[in-house]
Each structure stands twice: as structure tokens, then as C-alpha cells.
Amino acid sequence: MPRKSLWLTLLTSRILRGAMDSKRVRNGMIYFLLVVALGAFLYIVLSNQGSNISATVSIAEIASLVRGGNVQEIHVDGDEVFAYSGGKLIGSRKETGVGLVETLENLGVTEDQLSAVNVQIEAPSGWEVYGSILLALLPILLIAVFFIFILRQAQGAGNQAFSFSKSKARMFTGDKPTVNFGDVAGNEEARQDLEEVVEFLKEPQKFASLGARIPKGVLLVGPPGTGKTLMAKAVSGEAGVPFFNISGSEFVEMFVGVGASRVRDLFEQAKKNSPCIIFIDEIDAVGRHRGAGLGGSHDEREQTLNQILVEMDGFDTDVNIIIIAATNRPDILDPALLRPGRFDRRVMMDSPDVKGRRQILDVHVKGKPLATDIDLEVVAKQTPGFVGADIENLVNEAAILAARRNRRSIGLAEFQEAIERVIAGPERRSRVMSPKEKEIIAYHEAGHAVAMHVLPKHDPVHKVTIVPRGMAGGYTMPLPEEESNLSTRDKFRDELAALLGGRVAEEIRFEDITTGASNDLERVTNMARMMITQWGMSDTLGPVQYGEREEMVFLGRGIAETRNYSDKVAQEIDVEVRNLVDEAHRRCHEILTSYEDRLDAVAAALLEQETLHAAEFEAIMRGEDPFQSLDDIETRQTSGTPTSERDGSERSQEEDSRDQGLDLSGGTLPAPA
């Protein structure tokens, strides 16, 4: 029995230690252990002590054996009788309440016969009594355990119902920061604005002594992927204070009043952990303009917003709680939310410039093996318009490509390929094209490239290819020589003409047109209409903006346009748009007609090589053959002429230049045509 008890104790302690992590598992294990303990107890109490009994007979047979002198010893344990006869243990049971001697005498056993037997009577054990009581109470105990289990489940459901209005914010302690300002790059101005928040949380007396008040709310505004959430985490990591993170959509439920209750609970938790930071991501989900408006509204959202307004600038404002919110839709936020005293500081998180992209690259290449030929300055120049998330994806794509090619480091070729994959999608060399379709695509892209090269205000050509990538059958990629936030009317006119280069090349070479220019025509029409209606670049209509457009700020998508002009003006707008497009078509046709020999040469080179880089394209436009040196080497090898060491080195250099892919020597990379 001691061994069994020790084994059960060890087993119980081990199971309990492993089950303490989960409340549900712990409760289940408690019930399981209760059942196991009950079974072990019953087993110990009711286990048959006569497990070595040879046979079980009646008490009359025991008396007969005693009369015959065949019994040497008798043990009496309660009503159980165990007799040793001939080296065997025989079990029996006497009548309850009657002694063994009296029973044997009633069955004819004399005193002399009984005196020859060693009779041992065991003292009555309390376990038997307890076992009997337990057996009697066992059904009641099982019913009680069942009802306790049901009541606990009901209580848990009630607690969940009451916790429905509790805040779902996740709190991160500031003692182990995972993100700091060193992990955020590309936006120094936003970083400086938020460093003041960190300094206030660390040294509030410094500001209070001068009567200064730190902004209660900081609104991070910018396009998706610019690092708004990462910046908020960096503020928490630098300040070393608790950080509550919640999404705006987590406040809103189908029941009116739940969102407001969650706001109250969130601020109560924040006050207990003051000083702290509350970060509300995508606050436009709950902070939209009250009343009817964009996206609709309802009582639950408005009550939630009202509670946020009260908590941010109510009567109880003497707490060190700073609220940081992020959105890419500041145009739809309620004005009361943006007024001074609530979100009284707006931090712009816009797309980084070339210097910022360089810093972001430094952050994301940490811990990654880079080849010796890589120059991150060049890569930064090739990624205009890329935000932090795009650059992170770019570096990851380059690492994946290097692993796929079994490289030990990430080289320039992987970054070049990754840039094109992010912009235009992966290559589709397996796509089957007929020779005629391939020729049409070659002339289409050659038309774009030649027009871009000849037009004086257009960016120079960076790459031309007829290898399908993404949804495009081919593309021509221009390379701006420097970043600029402004564009002139002449530059737009040159871009219109270049976009029509593919369509005009088809007209000149095949005297027919295809559907390949559908995207070009869409871009030409939109650009021409924007020049007339939004930028005032029409001499006839003058510097007037026509139409009121409601757009998704930072997303670049128009929602609706309100006409604030007459039908006559609308007709004039259509005429001006048509004139711009016709003029661009005429200029492009003149250029490609004048340079038709170069158009044929570029198309032939594309059909042979599939891809032309900047140096090769420029050589063709000068009337040179960029592949002549390679052809001479192949001719000499075919004829058996030995090649000198100098020729071999030239060939090696030429092949290396071909293998490098994009020539990332400078400039920036826009969307391909």
C-alpha cells in the first residue's frame, strides 16, 4: 500500500505541474485526478486480500475440514474466513453478527477439535467501514460532481457575457523593448516629432517646469506601408513604458454601447499603468465623420467615437497617457477628433526619398550576407516610390532568389531581378507565343523605346524586353535621371507621345492595330484629361480646375466626381483632350517614320536577344552593333582560329556585362510602359 500511495502522489504532482499553464486543461485534469483518486481508493479498500486463495467454499465445508483435523490455521477478518488446509488457502464467509466459534459449534465442531486449530481474529479495520460508507455515498458524490461541473460551465459563460464589454487591447510592457528608433528609418522629421513624446514620458518635469504641455494625441498619417505601426512601437520601446495596442475595428460591435464600454475599460487600464501609450491602428474605422456621410454611420460607431472624445479631453485629463493613432484616410475623420487638445499633432509618414530608401535598406539587410559588388546607393536610386514595406519585400525577394540559385550571398543580379519582380511581376518565359505575335510585341516595345529616346523631355530608356512578366507581354522601362516632385506641360506632352509609340509602330510596320495598346490608351486618356481638368494646362480653357473629385487620400483612387461646369464646357473639355491625344499621335508618327531604320534594328535585336539594356539600346540608336564583338568571337571559335588572351578577357568582360542584367549606374526607376 505505501508503494501505491507514493506512485499516485508522484504521478499527481507531475500531471499538475504540466497542466497549470492552461486554465481549461487544469480544470479538466482536476476532474480526471478526482476520478483516478476515487478509483484508486476503491481499489485499495475493496481489493481482495485473498488473491492467493485456492478455492472458495461454504462455511459448512470449513466445519467439515475442522472435524476431520485437516485445518491447521484459521484467520478471521470481519465476515471473511480464511483456512489453511494441506498447504492451501481456502476462503469462505460466515454469517454477519455471529462469531466463528459459535458458527462452527452449531455445525457440529467440538471444543477439542476447535482447540487443535490456531484461530486468529483480525482487529476490525476502519477502512472497511469507510469503504462501505463510500460505496453508499458514491452515487450521490457522482451526481454532485456532475452538477458542480455544469454550474462552473454556466458561470464561465456568464463571465464571458460580462467580459463582452471589456477592452481587447494587448498590453506590452516596456522593460523588454523589441523595437526602437534604430529599427525605423526613412523619415527623420517624423522621428524627431516623436522623440519629443519619448522625452516627455522619461522626463515630464522638464516640460512642466516651463509650462509646456505635451500633445495628448499624435496622429500618424501616410500611405500604407510607410511604417506607422512600426514607428508607434519604436516610441514605446524607447520610452520604456507600457504599450496598449488595439485596432479601431475592435471597438465596434453589433450591439450599441459595447464599443463605448470598451473605450472606458481601455482608458481605465491605461490609467492604472500610467504613464503609458495607447496605440489605435486604423482609427478611421471608428473615427469617421458623425452623421450621414462617406461609408455610412450608425449609433454604435458614433457612441464609441463620443466616448473616445470624452476620454481624450474630458474632465479627468491629469494623467500621463499619450494616444498615438494611425490612418491613411485623414479626410474622413471627424473634425472634433482632430482639433487641438485631442489629436493636436499630425505627423506625416510619406514615401521616403533616395536618402531615406538607403537608410531603410541598411535596416533590412542586417544579418544578410551581401556580395562585394553590391552598392545599396544604386539600389536606392532604382526604387522611387517604394515605401518601407516595399523595400522589405524587395530585400526578401532578393534573398529568396539567391537561395534558389544556390548562392552564398545576395548579389547585384538578385536585387535587379527583385526590383522588376516587385514592379511588374515574375518572368513568364514558359508562355507560348507564335512568331507573328512575338514580332508584333517586339515592334510595339521598340516603338516605345525609340520615341522615348528621341523626345527631348522624356526620361531615357533603361531597359526594353519582350519577355512576358506579370500581365505584360513585354515592357519598356525609362530611367529618370533625378527625382522630381514637379512635372511640366512639355514633359507630359512627351510622355503622351511615348505612350502611343507602341500603337504607332504597329500602324507603320503592319498597317494594322492590335489590343496590345489598351493600357497605353487608358493612361494617355487619363493623363490628357487630368492636364485639362485638374492642372489647368489648356490654353483654351485656361487655368481653371473643373469638377470636384472625392478621392481616397494616399490610395490614389477616385470615388466620385461632381460636375460643377455646364454641358458646353464638358464638350470643350472633350475637344481639348482629343486635341492633346491627336497631337501626341502625330508627333509620335513623325518620329517613328523618320527613325524607321532604327525601329527595325531595335525590333530585330529584341527578336534575337529578347532583352536590351541601356548601353545596348543606345548603341543601336547610334547605328552601331552592340553584339558584334560577341559575333566575332563566336566566328573565330567556329573556324578554329586561336583566341588571344586579350580577346578572351574582352569576351569575359562582355559576358559579365550581359549577365549583370539591369545597369544600375544611377537614376530612378518608374513604372514600365
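For the peptides 514-526, 587-599, residues were scored by their other Cβ atoms within 10 Å and the scores averaged per peptide; the highest-first order is 587-599, 514-526. Expressed as a whole percent, the accessible area of the stretch 589-631 that falls on carbon and sulfur atoms is 45 (1.4 Å probe).
State the percentage of accessible surface on the stretch 214-292 attributable to carbon and sulfur atoms; use a 1.4 Å probe and exclude ligands, DNA and RNA. C and S fraction of accessible area: 53 percent. Accessible area per residue for the stretch 190-268 in Å², computed with a 1.4 Å probe and the full protein assembly in place, what is it? It amounts to 40 Å² per residue over the stretch 190-268. Note on residue 453: accessible area approximately 70 square angstrom, rounded to 10, probe 1.4 Å, nucleic acids and ligands left out. Only Lys, Arg, Asp and Glu carry charge here, each on its Cβ (+1 for the first two, -1 for the last two); on that basis the stretch 456-543 has a dipole of about 140 debye about its Cα centre. Using protein chains only and a probe of 1.4 angstrom, how many square angstrom of residue 355 are accessible, to the nearest 10? Result for residue 355: roughly 130 Å² accessible.
Surface composition of the stretch 328-396: carbon and sulfur make up 49 percent of the accessible area, probe 1.4 Å.
Highest mean first, how do 200-210, 139-149, 266-276 rank when packing is the count of other Cβ atoms within 10 Å averaged over residues?
So the peptides 200-210, 139-149, 266-276, ranked by packing, come out 266-276, 200-210, 139-149.
Counting Lys and Arg as +1 and Asp and Glu as -1, what is the net charge of the other residues whose Cβ lies under 12 Å from the Cβ of residue 82? The answer is -2.
In debye, nearest 20, what is the charge dipole magnitude of the stretch 357-407 about its Cα centre with +1 on Lys and Arg Cβ and -1 on Asp and Glu Cβ, if you could check?
That gives the stretch 357-407 a dipole magnitude of about 160 debye.
Annotation for the stretch 447-478 versus the stretch 490-545: alpha-carbon center distance of 16 Å. Determine the sum of side-chain charges near residue 219: Lys and Arg each +1, Asp and Glu each -1, restricted to other residues whose C-beta is under 10 angstrom from that of residue 219. Here the charged neighbours net out to +3.
The values are calculated or read from the model by the stated rules, or taken from the named source; none is laboratory data. What you see is a predicted model, and the numbers here were worked out from it, not measured in a lab. We place every Cβ from the backbone using ideal geometry, glycine too, and count neighbours over all the protein chains shown. SASA here: full protein model, heavy atoms, side chains in, ligands and nucleic acids out. Shrake-Rupley method; radii C 1.70, N 1.55, O 1.52, S 1.80 Å.
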